[in-house]
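This report concerns only the one structure given below.
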Ligand code: XLS
Ligand code: NI
Ligand code: NI
């Protein structure tokens, strides 16, 4: 950054004066404020790490979460925040956010409309507040080169969304939510966002006794069709994503997992318009592994982006912890590399520090850990792919489909009659072992 071009911008005192720009120091470093594995420029499979991983910092957890829980008040110490809901405080916080993201060296961020700017007394006032903060976001993006991975509208926090937004029993609430999405799409477009997420926090039900599922799902589809239409109208080219989650805050959410989302998108003619944003803790809440959800999405050519976090297997809710498990990140990167990499999506840290980790420096430790865990996952996955034994094993496992009767079945050349004749001739099939333990050992050779 040239010193004189800085003069164009408001320069405020540093919020993290003691924290330097985080550097890559390599695996032997013992500096907790350095990357041991994330080396942005390092080439892996012909591409720089930063372009594989496309890390993104979330505004809601990192800059808005007060870290309260149902039993106690927020613990977060954020000296830059005056605790008010003023636009001025929001603008100031935006500058702090960019100082943080810049020092961390993440290329992207993501937000909900109401994270960045306070909700006003009317929609007009809320939109005005948002515009005032978007101005700052835009100039900070320009100053730092940090980009918006995706924007979204918060359609779950305000009491008006008590019965849902697009799936509310109240048509006026549907209309309000539509108006909010319209504006959120406009500002995402204005900020050059590479995507837009639909996460239906309250698009579900608490009891079936008062719920018309068919009507609510139809409305949700109609809502998404309206958004697609408006996106085209304003020329927004970013990717639309739907983010599966089975429950919390509702008892059941319609976008419950990747398979349910894909079925919904296909049923309502939206499959070509939206991809999936898969989050680890949502996968596990749905009773799946992250690996499962990623593979299901990728198989349908619908894996767009990931919300990188993890749950606590001992707790039954969305704890949104930072991902540190190398097995998890290796599995993520195996699927992502196999599908040819992320394009408009990224590795978005939808994660929050623990209530006990209340100092600003913990935000750095958390993100550094997540970025290093994913960088390791990337390197390990690339090494497994280079070794080739895993892919070769899977290829061999399906080899009966490559010659003989296999291709005839796959290509629809034979039916039940021909397969009866074939089986009468060949007799009992002979199977080979699936070798799960052998493969688990193979993965461990690289970890
Ligand atoms: C909550 C969701 C949410 C979405 C964006 O569980 O993960 O944060 O990512 O609305
Ligand atoms: Ni999320
Ligand atoms: Ni979540």
Handout entry: Point-to-point label distance, residue 383-residue 69, nm (Cα→Cβ direction, 7 Å offset)
Key = 3.6
Handout entry: Mean separation of Cα contacts under 8 Å, 6 or more apart, over the residue count of the chain: relative contact order %
Key = 15
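Calculated from DSSP H runs of 4 or more alone, at -39500 (n - 2.57) each and per residue, what is the 222 nm mean residue ellipticity of the chain, nearest 500?
When only DSSP H runs of four or more count, the value is -14000 deg cm²/dmol.
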Completion exercise
Per the C-alpha gyration tensor (a ≥ b ≥ c, the square roots of its eigenvalues), segment 234-284 is rounded if a/c is under 1.5, else prolate if a/b beats b/c, else oblate; here it's prolate
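Please give the contour-minus-distance gain from residue 391 to residue 34: 0.36 nm per residue of separation, less the Cα-Cα distance, rounded to one decimal in nm. It would help to have the intermediate numbers written out before the result.
Numbers: separation 357, 0.36 × 357 = 128.52 nm, distance 3.40 nm.
Once the chain is fully extended between residue 391 and residue 34, it gains 125.1 nm.
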Practice task
Arrange 267, 248 by Cβ neighbour counts within 10 Å, fewest through most, would you?
Solution key: 267, 248
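Can you give the % of DSSP beta bridges in segment 1-113 that are antiparallel, to the nearest 5? Working shown, then result.
Working: 3 of 8 bridges.
Here the share of antiparallel DSSP bridges comes out near 40 percent.
Do you know the relative contact order of segment 312-447, to the nearest whole percent, from alpha carbon pairs under 8 angstrom that are 6+ apart?
On the way: 77 pairs, mean separation 39.6, N = 136.
Relative contact order comes out at 29 percent.
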Handout entry: Mean-position separation - Cα centroids, segment 189-242 and segment 143-166, in angstrom
Key = 11
Exercise for the section: Starting from the Cα of residue 446, step 7 Å along the direction of its Cβ; do the same at residue 125; then give the gap between the two resulting points in nm. Expected result: 5.6
Exercise for the section: State the antiparallel share, in %, of DSSP beta bridges confined to the chain, rounding to the nearest 5. Expected result: 20
Problem - Rg ratio (alpha-carbon, reference 2.2 N^0.38 Å) - segment 333-440 - result: 1.77
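State whether segment 347-393 is rounded, prolate or oblate according to the following rule on the C-alpha gyration tensor (a ≥ b ≥ c being the square roots of its eigenvalues): a/c under 1.5 gives rounded; otherwise a/b larger than b/c gives prolate, and the remaining case gives oblate. Please report the intermediate quantities before stating the final value.
Details: a/c = 4.61, a/b = 3.65, b/c = 1.26.
Prolate.
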Handout entry: Proxy reagent accessibility, fewest Cβ within 10 Å first, across 112, 52, 282
Key = 112, 52, 282
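Assuming R0 = 51 Å, what is the FRET efficiency of residue 208 and residue 365, from their Cβ-Cβ distance, to the nearest 0.05? If you can, show how the numbers build up before the last one.
Details: r = 44 Å, r/R0 = 0.86.
With R0 = 51 Å, the Cβ-Cβ based efficiency is 0.70.
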Problem - Value of Rg/Rh across segment 41-137 [Cα atoms, Kirkwood radius] - result: 1.07
Practice task
Could I have the simple spin-label model distance between residue 312 and residue 409, label points 7 Å from Cα toward Cβ, reported in nm to one decimal?
Solution key: 4.7
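From the Cα gyration tensor of the chain, with a ≥ b ≥ c the square roots of its eigenvalues, which class applies: rounded if a/c is under 1.5, or else prolate if a/b is larger than b/c, or else oblate?
Working: a/c = 2.01, a/b = 1.34, b/c = 1.50.
The shape class here is oblate.
Under 8 Å for C-alpha pairs, at least 6 residues apart: give me the relative contact order for segment 1-134, rounded to a whole percent. Write down the numbers at each step before the final one.
Numbers: 137 pairs, mean separation 31.4, N = 134.
It comes to 23 percent, rounded to a whole number.
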Practice task
In whole angstrom, note down how far apart the Cα centers of segment 299-336 and segment 33-109 are.
Solution key: 19
Exercise for the section: Order by neighbour count: 402, 307, 362, fewest other Cβ atoms within 10 Å first, most last. Expected result: 402, 362, 307
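Read-outs: derived from the displayed coordinates by stated rules, not from any lab. Since the model is a prediction, treat every value here as computed from it, not as a measurement. Heads up, the Cβs are rebuilt from the backbone with ideal geometry, glycines too, and the neighbour counts pull from every protein chain shown.
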